[in-house]
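> Next up is a structure, given as C-alpha cells.
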Amino acid sequence: MGRVQGKVALITGGASGLGAADAAILAREGAKVVITDVQVELGRSVAEGIPGAVFIQHDVRDEGQWQAVYQRIWEQHGRLDVLVNNAGLTGPGDIESCSLENYRFVNAIMSEGTFLGCKYGIPLMARSGGGSIINIASLAAVKGIGAIAAYCAAKGAVVSLTRSVADHCLQKGYKIRCNAILPGGIDTPLMQASLAALPVGEPYSDMVRDEGYGEPDDIANLVLYLASDEAKRVTGASLLVDNGESIR
C-alpha cells in the first residue's frame, strides 16, 4: 500500500473503462485523484465511488479547458505528479471509407489531446519537482489494422510524441518521465463497441474474440508502476500489454 502516497494524479477519460480502473488503483495506493471526461454523470458517479476523488468536465480537444483544469489543480493541490492521457475513442473506417472529417475528429481527441495534456502539464510538473506522464496508446500504433485507419494514425502519433516529450524533459532536467502503454484487447465498453463496429471477418477482431480479453486492471497495474517512484529509471518506453497479439 501507499506506492503513490501523496501524489496528485490527473486521469483523462476517467469515467469508464481503463481510466476508471486507473483512477481507482492510484487512489487506493494513496494518490489524490482528479478525473476528467465529457461523460458528466458517469464521471461524477466514478468519482463519488473513489474516496477523495474529484471530477471535472473536460473536452481534451479544447486548449482553454486544459488550462482551466490545470489551474484548478494548482489552486487546490499546489502540484501535479502524475498525468494519464487516457481519453479516446475508435472511429471505424478504412483508408478509403474514412472521411477527412472523421480522421480529424479522432486525431483531435487522441493525438492533439495528448499533445495539449503534455504541453500544459509539463510546466506544472516541473514546478512540482518532477512527475510521470503516462500516455495510453494502443497495439494499433504498431500493428496495422486496416479497418481503423484514423485510430491507428492517432495512436502512432501518441507513441512518437511520447519519445519526443521524454527526450525534451531529459534535456531540460525536469525530472519528468514520459512513457506510453500499448494495450491490446481489453474488456472495456469502448473495446466492445469498437469490435462490434468492425466488418465481419476482420482478422484482428476474430483473434481477440477467440483468445479472450484482458482486464482493465492489467493496464491499471502498469499505470501504477509507471506513476510510482519504482519506475524512476523508465522513460521514453512503449510498453505492450497485448498477450502477444503484436507478434501474430
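> Skipping prolines and chain starts, which residues have an amide H placed within reach, meaning under 5 Å, of the one on VAL241, given they are 5 or more residues away or on another chain?
LEU182, GLY184
> Could you give the length gained by full extension between ASP229 and ALA193, i.e. 0.36 nm per residue of separation minus their alpha carbon distance, to one decimal place?
9.4 nm
> Of LYS155/LYS232; LYS119/LYS155; LYS7/LYS232; LYS7/LYS175; LYS119/LYS175, which sit over 21 Å apart, Cα to Cα?
Long pairs (Cα-Cα over 21 Å): LYS155/LYS232.
> If you count, for each residue, the other Cβ atoms within 10 Å and average over each peptide, how do 229-236, 67-74, 145-152 line up from highest to lowest?
Highest mean packing first, the order is 145-152, 67-74, 229-236.
> Running a GNM on the chain with Cα contacts under 10 Å, which residue among ASN102, ASN85, ASN179 ends up with the highest mean-square fluctuation?
Answer for the Gaussian network model of the chain: ASN102.
> Could you work out how far apart the two model spin labels at ARG163 and MET207 are, taking each label as a point 7 Å from the Cα in the direction of the beta carbon, and quote it in nm?
Inter-label distance under the simple model: 2.2 nm.
> For the range 71-87, in order, what is each residue's ³J(HN,Hα) by Karplus, 6.51 cos²θ - 1.76 cosθ + 1.60 with θ = phi - 60°, in whole Hz (x at glycine and Pro)?
Computed from phi, the couplings for the range 71-87 are 5, 5, 4, 5, 5, 8, 10, x, 5, 9, 10, 9, 10, 10, 7, 10, 4 Hz.
> Continuing with the same structure: With charges set only on the Cβ (+1 for Lys and Arg, -1 for Asp and Glu), what does the dipole of the chain come to about its Cα centre, in debye to the nearest 20?
1180
> Moving on to the next point. In whole Hz, with x marking every Gly and Pro, tabulate ³J(HN,Hα) for the range 177-188 from phi via Karplus 6.51 cos²θ - 1.76 cosθ + 1.60, θ = phi - 60°.
9, 9, 9, 10, 10, 10, x, x, x, 10, 6, 10
> Next up: First compute the accessible area of the range 1-158 with a 1.4 Å probe, then give the percent of it belonging to carbon and sulfur atoms.
49
> At 0.36 nm per residue, minus the direct Cα-Cα distance, what do LEU100 and GLN57 gain on full extension? Give it in nm, one decimal, please.
Full extension from LEU100 to GLN57 adds 12.8 nm.
> Let me ask another. Before I look further, what does the chain give for accessible area per residue, probe 1.4 Å, in whole square angstrom?
Value for the chain: 45 Å² per residue.
The values are calculated or read from the model by the stated rules, or taken from the named source; none is laboratory data. Because the structure is a prediction, the values reported are computed rather than measured. Please note: Cβ atoms are built from the backbone with ideal geometry, for glycine as well, and neighbour counts cover all protein chains shown. For the accessible areas, the whole protein counts, side chains as well, though only heavy atoms, and no ligand, DNA or RNA atoms are used. Shrake-Rupley method; radii C 1.70, N 1.55, O 1.52, S 1.80 Å.
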